[in-house]
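Enquirer: First the structure, which I've put down as structure tokens, then a few questions once you've had a look.
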Amino acid sequence: MLLRSAPALALLLMLGPIIAGLAATFFTAFGYFPALGGDVFSPQPFQKLFAQPGLWGSVFLSIKVALISTSVSL
């Protein structure tokens, strides 16, 4: 019986920490981080991010630099 459940147990042991890390990242991205006083789940952090001036210029500059450096290295 124990041998039959070994693959599922191994999968759980491998994927458990990954799923926990992704969940923690997801919750903190939406402002839920009780240790720092963020106890409300809301889209406000993303609204603040997209309201930053120059954000899209920085994003496009990063993409341009990545494409140029990749093509130069090739």
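The values are calculated or read from the model by the stated rules, or taken from the named source; none is laboratory data. Remember, it's a predicted structure, so these values are computed and weren't measured experimentally. All Cβ positions, glycine included, derive from the backbone under ideal geometry; neighbour counts span all protein chains shown. Keep in mind that these areas ignore ligands, DNA and RNA; they rest on the heavy atoms of the full protein, side chains included. Shrake-Rupley method; radii C 1.70, N 1.55, O 1.52, S 1.80 Å.
Enquirer: Out of the chymotrypsin sites (Phe, Trp or Tyr not before Pro) in the stretch 1-68, which ones are loop residues according to DSSP with at most 11 other C-beta atoms within 10 Å?
Expert: Those satisfying the criteria are Phe41.
Enquirer: Using only the alpha-carbon atoms, how far is helix 55-73 inclined from the longest principal axis of the chain? Give it as 0 to 90 degrees, nearest 10.
Expert: Once rounded, one gets 80 degrees.
Enquirer: What are the trypsin sites (Lys or Arg not before Pro) within the chain that DSSP puts in a loop, where the Cβ has at most 15 other Cβ atoms within 10 Å?
Expert: Sparse-neighbourhood loop trypsin sites (Lys or Arg not before Pro): Arg4.
Enquirer: Now, a different point. What length, rounded to one decimal in nm, is gained on full extension from Ser71 through to Gln52, with 0.36 nm per residue of separation minus their alpha-carbon distance?
Expert: 3.8 nm
Enquirer: Turning to a different aspect of this structure: Step through the residues of the stretch 38-50 one at a time and calculate ³J(HN,Hα) from phi using the Karplus curve (6.51 cos²θ - 1.76 cosθ + 1.60, θ = phi - 60°), rounding each to whole Hz and writing x for Gly and Pro.
Expert: x, 10, 10, 8, 8, x, 4, x, 6, 5, 5, 4, 6
Enquirer: When ligands, DNA and RNA are left out and all protein chains stay put, how many square angstrom of accessible area per residue does the chain have with a 1.4 Å probe?
Expert: 87 Å²
Enquirer: A further question on this structure: Taking all protein chains in place and a 1.4 Å probe, what share, in percent, of the accessible surface of the chain do carbon and sulfur account for?
Expert: Using a 1.4 Å probe with all protein chains present, the chain comes out at 76 percent carbon and sulfur.
Enquirer: How compact and how long is the chain, expressed as Rg and Dmax of its alpha-carbon atoms in Å?
Expert: Just the Cα atoms of the chain yield Rg and Dmax of 20.3, 60 Å.
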